[in-house]
Structure formats: structure tokens, C-alpha cells
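Student: What follows is a single structure, and I will ask about it in a moment.
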Amino acid sequence: MRALTTIHETEGLDEYLEEIEQRLLDAVSCHPGLAATVGAEALAAGGKRLRPLLVFLAATPNREPPYVAGVAVELVHMATLVHDDLIDRAGYRRGRASAWARFGPGPARAAGDYLFARAFAELAATGDKRAVSTLASACLSLARGEALQRAQTHDPETSVESYLERCALKTAKLFEAACLLGSGGDRSLGAFGLALGIAFQIADDILDCAGETIETGKIAGTDLREGTPTLPLILAAREDDAIRRALAGGPLDGALIRVAETGALDRARLVALDYAQQARACLDGHLRCEELEALTEAVVNRES
């Protein structure tokens, strides 16, 4: 994909991401013990490192790369994955046994807390109070988003507006924080990150309905089985009673196939594309505008 080529041609990016990996390893291993061991397993599972990438692309070129901010946002993201798998009792993460499945709920909870703590320890060591406040605000949004998702579970009456609010809180606010941390507080780039994060989550939710195993290691249809009302499921439930009943906790037989038959995936994709366009409209001549625009394309058109 041309978009990914454009991004990876960015001068200094490969070196930055290599350094991020080493610093993540150092941050997780600096206090040996069970929590660090479980955290290291979460790190070994890999990932897109999309949030550190956003930090890098939002920063002013030809300056010292924002390593600490990149590490901090990724540690927060890793912490949320560990906790999400525990809450959802997910057995796998990116094709590997999840932390709670391998080590048990207690160690997984402790590891998630440890990763959160390490994120703030890294950022606090810089003495940048505004950066710490930015990340803390994003973490508060993450918690609110998780609570909102719990309240919406098995509710086919969830409105599109409430779903988009959840996307903003649970996903996009950390994208926004990555852009703010990388740019030193540029509000237009923060708005870019927020819109991009919503587009990313919608695309992720479409992939979950697409009928294929995705990179998380979970089988497609996880959202329907768990009763999580995502945009394609909300739209499909309005047109098909079988999907509506499945989302409410009823029989699942054939429901996932019926989602695609309603055209809900295509309509959801249009919403994702609209948010990607909103993100691009925020760039306004940024020095890495081409790379950031390419990232919006890669986010919406990804296959995993």
C-alpha cells in the first residue's frame, strides 16, 4: 500500500521505532518481579506501535525525537489491553495467550497497573507537568469509555451518538494525547488525533464483522458474541431482528453473516471515511502533512 510506503520513508522513523522498542523493554524490566514478567509478555506480543508513531509524526522534524512521550503512550495502551483482556476473559491477544489466561487474573491486574505506573514514571521524570496532565486526562477518558461500554453491553438500542462518544473516550483520546505530546500541545494536531482515533475504532469494528481472524488473535464476531454494540452492529440491528436479538444476548446462529447482508459494513465504512477526512482537514500545512494524510488512509483501509 502506497500509504504505508510514504509513512515508512519518513527520515529517522525506523531508528526512532527501534529506540522505542528498547526503551519499552527497559521501562518494563526496571523493577523485576511478577508484574514486570507479565508486562514483558504483553510487550513481546508486539503491535502496530501506532501511538508512538503518531507522537513522532506530530513532532517538529530535525529535533530530538520525543522518545519518552512515545514510550509513555504505548505503555498506557499496553496496560489497557491487559486489563481489557482480563475484563473480557479473552484467551488470546495477537495470537498468543493473553496475560490473564497464562498467569491468572491477579497477576494480569497487577501487570496492567504496573504498566500504567511505569508510563507515568517515565513521563514524570521529564519534569513536564503539562505532558503528565495530558496523559492523565487521556487515562481518565479511557476509564470513562470502559464504563460506558459496560453500560451499553447487550443494548441494541445504543445510539450512534453514544457509540461515537465511546470511541472518542476509549480509543481516540489516547490518539489525541499522542499528537499533543509529540507536538508540544498543538491543538490542531490534537483534533487530528481525535478524529483519526474514531476512524480507527470504526475500522476495527468493521474488521470484527468481516468474518476473518484479525491481528489481535481473536476470531471475528467477538463484539457480537460479547454484546458490544459497535457501529456496524447497531446499523444492522435496525434492519434485522435476528441480529438485534443476537446483540441483546440471544442466539448467534448466522447473525454475523446477516450483518454483511444488511449493507451495514459499507455504511459504517462511510462514517469512518468521513472521520478520516475530518482528520485531514485539521492538518493545515503541517510539516509532515503528507505522512499524516497517508496515515489516515492506512488506518481506514487496513486489513488487520
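The values are calculated or read from the model by the stated rules, or taken from the named source; none is laboratory data. Please read all numbers here as calculations on a predicted model, not as lab measurements. No Cβ is skipped: glycine too gets one built from the backbone with ideal geometry, and neighbour counts run over all protein chains shown. These accessible areas exclude ligands, DNA and RNA; they are computed on the full protein's heavy atoms, side chains included. Shrake-Rupley method; radii C 1.70, N 1.55, O 1.52, S 1.80 Å.
Student: Would you please give the residues with an amide H less than 5 Å from that of ARG93, counting only those at least 5 places away or on a separate chain, with H modeled from the backbone geometry?
Tutor: Correct list: SER98.
Student: Now, a different point. How tilted is helix 264-281 with respect to the longest principal axis of the chain? Cα atoms for both, answer in degrees (0 to 90, nearest 10).
Tutor: 30 degrees
Student: Can you report the principal axis dimensions of the range 6-159 using only the alpha carbons, biggest first, rounded to whole angstrom?
Tutor: 49, 41, 33
Student: Here's a follow-up. Along each principal axis of its Cα atoms, how long is the range 27-106 end to end? Whole angstroms, biggest number first, please.
Tutor: Over the range 27-106, Cα extents along the principal axes are 45, 25, 18 Å.
Student: Trypsin sites (Lys or Arg not before Pro), restricted to the range 21-74: which are DSSP loop and have at most 10 other Cβ atoms within 10 Å?
Tutor: Of the trypsin sites (Lys or Arg not before Pro), the ones in loops of the range 21-74 whose Cβ has at most 10 other Cβ atoms within 10 Å are ARG63.
Student: Where Rh is the Kirkwood radius over the Cα pairs of the range 114-205, the temperature 4 °C and the viscosity 1.567 mPa s, what D in µm²/s does Stokes-Einstein return?
Tutor: The estimated diffusion coefficient comes to 93 µm²/s.
Student: Does anything in the range 220-235 have its amide N under 15 Å from the 7 Å Cα→Cβ label point of ILE87, and if so which residues?
Tutor: Of the residues in the range 220-235, 223, 226-230 have backbone N under 15 Å from the label point off ILE87.
Student: In the chain, if the dipole is taken from +1 on Lys/Arg beta carbons and -1 on Asp/Glu beta carbons about the Cα centre, which of SER162, ILE20, THR262 is farthest to the positive end?
Tutor: Working it through, the farthest residue towards the positive pole turns out to be SER162.
Student: Please list, by residue number, every one of the GluC sites (Glu not before Pro) in the range 4-48 that is coil in DSSP and has at most 14 other beta-carbon atoms within 10 Å.
Tutor: Within the range 4-48, the qualifying GluC sites (Glu not before Pro) (loop, at most 14 other Cβ atoms within 10 Å) are GLU9, GLU11.
Student: Within 10 Å, count the other beta carbons around each residue, average over each peptide in 100-108, 72-80, and list them highest first.
Tutor: 72-80, 100-108
Student: So with the 1.4 Å probe, I'd like the accessible area per residue for the chain, rounded to whole Å².
Tutor: 44 Å²
Student: For the range 253-304, what mean projected area does the convex hull of the alpha carbons give, in nm²?
Tutor: That works out to 4.2 nm².
Student: Taking only Cα atoms of the range 100-153, what ratio of Rg to Rh do you get with Rh as the Kirkwood inverse-distance radius?
Tutor: In the range 100-153, Rg relative to Rh is 1.09.
Student: Rounded to the nearest whole Å³, what is the per residue volume of the convex hull around the Cα atoms of the range 193-304?
Tutor: Considering the Cα atoms of the range 193-304, their hull volume per residue is 90 Å³.
Student: Just one of (i) 53, 46, 34; (ii) 55, 47, 31; (iii) 49, 38, 38 is Cα extents along the principal axes in Å as worked out from the coordinates here. Which one is it?
Tutor: Read-out taken from this structure: (ii).
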